[in-house]
Structure formats: C-alpha cells, structure tokens
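Okay, so here's the structure we're looking at.
The values are calculated or read from the model by the stated rules, or taken from the named source; none is laboratory data. Predicted model only: the values in this text are computed from it and were never measured. Here the Cβ positions follow ideal geometry from the backbone for every residue, glycine too, while neighbour counts run over all protein chains shown. The protein model used for the area step is the full one, side chains on, heavy atoms only, and it has no ligands, DNA or RNA in it. Shrake-Rupley method; radii C 1.70, N 1.55, O 1.52, S 1.80 Å.
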Amino acid sequence: MKYYCKKCGKCCRNLKKNEMYRFLDNGEGVCRYLDQETNLCTIYESRPIICNIDEYYKKFFKGKISKYKYYELNYKACEMLEREE
C-alpha cells in the first residue's frame with residue numbers, strides 16, 4: 001500500500017492551519033521548502049518526518065490505527081484543502 005499524493009502543493013501552502021508546521025512557515029503560511037512553480041519539495045529526500053506520511057505513520061500511529069485508515073484520514077484532509085480554494 002502506497003500513499004498517492006497529487007502534488008498540488010495545497011498542504012504546503014496552508015501551514016497556518018496547523019501549529020505543528022510553524023517551523024516550516026516562510027511567514028506567509030507557505031512552506032519555506034516548497035518550489036511554488038513546480039509544487040515540489042526542494043528537500044524531499046531529507047524532509048522532516050512530519051512531511052513524510054509513511055514514516056510519520058510508522059513512528060506515531062502504527063499499532064493504533066490501520067495504515068488504510070491513516071491514509072483515508074490524510075486523503076480527507078487533502079479534500080478539505082481542495083474545497084477551500
């Protein structure tokens with residue numbers, strides 16, 4: 001099972017919605033590492049664990065909820081961001 005990301009950049013452009021991402025904020029609610037033209041992360045290979053769906057699941061949620069449910073919750077969050085714009 002693999003998480004499918006649309007690479008729309010909406011999660012990286014809405015950091016002000018969650019205090020956990022404050023350390024990545026460029027001051028405008030956008031991740032300092034987001035290439036705003038390509039919507040790709042400029043530090044993808046060394047991104048923080050909070051930005052890595054699978055690694056975050058393994059560290060904090062494995063054994064608490066299924067990976068399927070965790071992915072489902074993340075997809076729902078993405079859908080909410082898409083509807084807001």
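Would you mind classifying segment 1-61 by shape? Square roots of the alpha carbon gyration tensor eigenvalues, ordered a ≥ b ≥ c; an a/c under 1.5 is rounded, otherwise it is prolate if a/b is larger than b/c and oblate if not.
In terms of gyration-tensor shape, oblate.
How do LEU40, LEU81 stack up against each other in accessible area, from largest to smallest, with a 1.4 angstrom probe?
Per-residue accessible area, sorted high to low, gives LEU40, LEU81.
For the chain, which whole percent of the accessible surface, found with a 1.4 angstrom probe, sits on carbon and sulfur atoms?
Solvent-exposed carbon and sulfur of the chain make up 53 percent of the total.
I'd like to know which of CYS78, CYS41, ASN14 lies farthest towards the positive end of the charge dipole of the chain, counting +1 on Cβ of Lys and Arg and -1 on Cβ of Asp and Glu.
It is CYS78, whose Cα lies furthest towards the positive end.
Keeping all protein chains in place, calculate the accessible area per residue for the chain (probe 1.4 angstrom), answer in Å².
76
Report the relative contact order of the chain, percent, no decimals, based on alpha-carbon pairs under 8 angstrom and at least 6 residues apart.
25
Considering the chain, which cysteines have no disulfide-compatible partner, defined as another cysteine with its Cβ under 4.7 Å away?
For the chain, the answer is CYS5, CYS8, CYS11, CYS41, CYS51, CYS78, because their Cβ atoms have no other cysteine Cβ under 4.7 Å.
Let's see if you can work this out: charge +1 on each Lys and Arg Cβ, -1 on each Asp and Glu Cβ, no other charges. What is the dipole magnitude of the chain about its Cα centre, in debye to the nearest 20?
Taking the Cα centre of the chain as origin, the dipole is about 460 debye.
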